[in-house]
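Asker: What follows is a single structure, and I will ask about it in a moment.
The values are calculated or read from the model by the stated rules, or taken from the named source; none is laboratory data. From a predicted model like this one, the values you see are computed outputs, not experimental measurements. Quick reminder, even Gly has a Cβ in these numbers, built from the backbone with ideal geometry, and neighbours come from all protein chains shown.
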Amino acid sequence: MLKQTRPRLPGEAALKYEDATYTVLRKGDFVVCAVTGRRIPLAALRYWSVDRQEPYADIDAATHHIRNGEAP
């Protein structure tokens, strides 16, 4: 399931996040962090949520939902 709540930016990839990997659904150069809004080049993408289908720019963004007590 691809969750889209904002317009896609030119060059933005669409990914399906899986355990330890992802599948490219639409080619692009980057994804946008679900917490910070920063662009993440695909080569630098290390953090994402399979349950939420969201990418994260860094470990702090990845743990944002856990720290704030938000359920998936």
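Asker: If the requirement is being at pLDDT below 95, exposed (fewer than 12 other Cβ atoms within 10 Å of the Cβ) and of a type outside the set (Gly, Ala, Ser), which of these qualifies: PRO72, PRO41?
Answerer: After applying the criteria, what remains is PRO72.
Asker: I'm told HIS65 meets every condition in (1) modelled with pLDDT of 95 or more; (2) surrounded by 11 or more Cβ atoms within 10 Å (Cβ to Cβ) except one. Can you identify the failing condition by its number?
Answerer: (1)
Asker: On the basis of being out of contact with any Asp or Glu (no Cβ under 9 Å at 6 or more places or on another chain), surrounded by 10 or more Cβ atoms within 10 Å (Cβ to Cβ) and at pLDDT 95 or above, does TYR56 make the cut?
Answerer: yes
Asker: How about the stretch 44-53: which of its residues are loosely packed, with under 13 Cβ neighbours inside 10 Å and either part of a strand (DSSP E or B) or in contact with a Pro (Cβ under 6 Å, 6 or more places away or on another chain) (or both)?
Answerer: Passing the criteria: only ASP51.
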